[in-house]
Each structure stands twice: as structure tokens, then as C-alpha cells.
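Q: Below are the C-alpha cells for one structure; questions will follow.
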Amino acid sequence: MSVKKRKAGSKVQHQTKDRNEELRTPDLASAFLGLTNLVSTLRSSGGCPWDAQQTKESVRIYLLEEAYEVLDAIERGSPQDLCQELGDLLFQILFLASIGEDGKEFDLLQVVQKITKKMINRHPHVFGTAKVSSAKEVAENWERIKKKEKGVAESSPSLLRDVPVGLPALLRAHRLSERASRLESGRADGEAIMRRVEESYESLGKHVAARDKERIGESIGTLLFHLADLARHWGCNAESLLRKANQAFLDGFQP
């Protein structure tokens, strides 16, 4: 094939790609608007009585369930299920935005505008003049910008209090120890964390030998926290590790 023909083919492909993107944009906008209108209809006086009665408090459990369904679909490696579950999660987000709008607290436009502004602000290496050389630098910049947005000092204990209470316990332990490692440089020492694990395990053994049920429970909680901290130190996440272990355990019972 001649150079001229290759260039012509490349140009056609580029134009086709642009054309496909032009066609997809209004389709996506129309589909998104259709879903938001569907939510509004369900919550209207002539819509669904059950949907109309829902509040932020009553919907939060469904939001959590759908988020876990998405996670489950990812772990199963099923694109079809993931597509479906992402739709269910999106519906819950739009539903909550509708409740906020009905209460004149905020609307969907504000939700979209705020997250767009936030993402632009937290990616100065893409939308600004900042330079980064690694994903690690991106993460460090992200945390620095996040603290600046909230007016939080690098060494402020409020970094720990800001970790959501509603997170799964192991994930919350990961986040707490992650932030604590920035406040106390000693916590970043893997050997020190391992010693805490060993001490907690030894303590648990003593309480088991003494058949002290209350202290056994306390020791298990402490051990789990230090194990989550150890996992974090080595670049793992205890929540994800336990989910994998749960699945491996389940697979062992399947024919």
C-alpha cells in the first residue's frame, strides 16, 4: 500500500471516529435525561407512592447494597453484570439527587458541576501546569489538594475523624492506619507493625487459655486492626483480601 493511500485511510478512520463520537454524545445525553425524567416521574404525585415516600435515610441501604453488587460483578469478571449493576447504582444516585432537589437542598446540576470542578482541581497535572513523574506523585498531590480544600493541616488529628464511620470495618481500619501513618512517621515501619501483630496474637492466646470471652473478643478486634495496618503497609487492602479469602473458602465447597 502506498504512503498516500495509508494517509488517506488514516484520515478516513479519524473522521469516522469523530463522527461516531458526534453521534454518541446526543444519544448519551438523551439517555441520561430520560433516566432523570423517569426518576422525577416515579417521585411525582401521579407516580409511585412507594418512591414518593422515600427519604435519604431510607434510600441509603439500597445505595450501599447496589455499591456492593457492583463490587461483586467486578470480582466475578462479568462485563454484562457490571453494566447492569452500574445502572442500578446510577439510579440510586439520581434518586438521592431527586430527593435533594425536592427538599430544595441541591439539584443534579449542582452535583455534576461540583464533581467536575473537584476533579479538575485535583488533576493539575492534566488541566493545569503541574508536573508529575509517577502515579505515587499523583496520589500525594491528591491528598495535599484535598487537605487544602478542607483547610486541614497535614498533622491535624481531624484527618482521622474524617474517615467515614459507615465504611466496612476492615476498610475503615485501612483508612485510619493510612492517615495515622502520615501523622506518626513511626507507624510506617513495617517491622513495628509486625511486632504489634505478634503481641496481639500472643495476648489473644493467653485470653483463650484463660477462657476469658470478653478479653478474647477485644484481642481479636485489636489483632484485626493491626493486620489491616500490616496489609496497608505492604500495599494491600484487608477488605479486598478478606473478600478474596471468603470466595476461596466458598469455592472449596463447590463441586
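The values are calculated or read from the model by the stated rules, or taken from the named source; none is laboratory data. If you're wondering where the values come from, they're calculated on a predicted model, not measured in any experiment. Every residue, glycine among them, receives a Cβ derived from its backbone with ideal geometry; neighbour counts consider all protein chains shown.
Q: Show the residue pairs meeting these rules: Cβ distance below 8 Å; 6+ apart or different chains; first residue within segment 38-63 and in the same structural domain as residue 96 (by TED's automatic domain parsing); second residue assigned to a helix (DSSP H, G or I) and basic (Lys, Arg).
A: Hits for this filter: 51/43; 52/43; 54/43.
Q: Is there any pair with a first residue in segment 214-228 that is under 16 Å from residue 193 (Cα atoms) and a second that is part of a helix (DSSP H, G or I) and basic (Lys, Arg) whose Cβ atoms are under 8 Å apart and which are 6 or more apart or on different chains, and what are they?
A: 226/196
Q: Looking only at segment 121-146, filter to residues that are assigned to a helix (DSSP H, G or I) and of a type in the set (Val, Ile, Thr); which one of those is farthest from the chain's Cα centre (by Cα)? Walk me through how you get there before you give the answer.
A: Narrowing segment 121-146 to residues assigned to a helix (DSSP H, G or I): 121, 124-127, 135-146.
Remaining after also requiring of a type in the set (Val, Ile, Thr): 126, 138, 145.
Values: 126: 22, 138: 17, 145: 18 Å.
Residue satisfying both the conditions and the ranking: 126.
Q: From the residues in segment 39-76 that are small (Gly, Ala, Ser) and either in contact with a helix residue (DSSP H, G or I) (Cβ under 7 Å, 6 or more places away or on another chain) or over 25 Å from residue 165 (Cβ atoms) (or both), which one is surrounded by the most Cβ atoms within 10 Å (Cβ to Cβ)?
A: Taking segment 39-76 and keeping what is small (Gly, Ala, Ser), we get 40, 44-47, 52, 58, 67, 73.
With the extra rule that they be either in contact with a helix residue (DSSP H, G or I) (Cβ under 7 Å, 6 or more places away or on another chain) or over 25 Å from residue 165 (Cβ atoms) (or both), the set shrinks to 40, 44-47, 52, 67, 73.
Numbers: 40: 15, 44: 13, 45: 6, 46: 6, 47: 14, 52: 13, 67: 14, 73: 19.
Looking at the filtered set, the residue picked out is 73.
Q: Separate question: Which one is surrounded by the most Cβ atoms within 10 Å (Cβ to Cβ), of the residues in segment 196-220 that are more than 21 Å from residue 177 (Cα to Cα) and among the β-branched types (Val, Ile, Thr)?
A: Per the stated criteria, the residue is 216.
Q: Within segment 87-100, does at least one residue satisfy the condition of being modelled with pLDDT under 95, in contact with a helix residue (DSSP H, G or I) (Cβ under 8 Å, 6 or more places away or on another chain) and hydrophobic (A, V, I, L, M, F, W, C)?
A: Taking segment 87-100 and keeping what is modelled with pLDDT under 95, we get none.
The answer is no, given that none of the residues of segment 87-100 is modelled with pLDDT under 95, in contact with a helix residue (DSSP H, G or I) (Cβ under 8 Å, 6 or more places away or on another chain) and hydrophobic (A, V, I, L, M, F, W, C).
Q: Determine, yes or no, whether residue 187 is in a helix (DSSP H, G or I), closer than 25 Å to residue 71 by Cβ and at pLDDT below 90. Steps first, answer last, please.
A: Values: in a helix (DSSP H, G or I): yes; closer than 25 Å to residue 71 by Cβ: no; at pLDDT below 90: yes.
Taking the combined requirement at face value, the residue does not satisfy it.
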